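Here's the structure we're looking at; comments come further down.
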Amino acid sequence: MRAENIEPPSWLSATAKKEFKRLTELLLEVELINEADITHLAFYCDAYSQYISFERQIKKYGLWVDGKPNPFIMRKKDMAAATTGVWFGFRLVAGSACKISN
């Protein structure tokens, strides 16, 4: 499969695009990515970007807001689960493709 045109989708945030490019470089080195993986990798990078955003909100406002737990704590926890799930799915797809090509 082709791997020449792997670029981050335009809808990704700057943080997500940076992560997309970082991971693409690493995955291309070991031939674990091709053009069919772009959307799945973009979903992971989008979730990663949101996780980072939530972490920044927690650092900015603290663990407590108006005497209540900062709502970004739960969002960060949910996004960590989503990020892990998307990454696990991506690894399954990439791992299967690697076994098929060998």
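Okay, here's what the table says:
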read-out	value
Subset of the range 42-65 [out of contact with any helix residue (DSSP H, G or I) (no Cβ under 8 Å at 6 or more places or on another chain) and assigned to a helix (DSSP H, G or I)]	R56, K59, K60
Every residue from the range 1-37 that is in a helix (DSSP H, G or I), surrounded by fewer than 18 Cβ atoms within 10 Å (Cβ to Cβ) and in contact (Cβ under 8 Å) with a residue 24 or more places away in the chain	T15, L28, E35, A36
Residue count, the range 38-52 (criterion: buried (at least 17 other Cβ atoms within 10 Å of the Cβ) and polar (S, T, N, Q))	2
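Read-outs throughout are calculated quantities, based only on the coordinates presented, and are distinct from any laboratory measurement. Everything numeric here is computed off the predicted structure, so don't read it as measured data. When we count neighbours, we look across all protein chains shown, and the Cβ atoms used for this are built from the backbone with ideal geometry, even at glycine.
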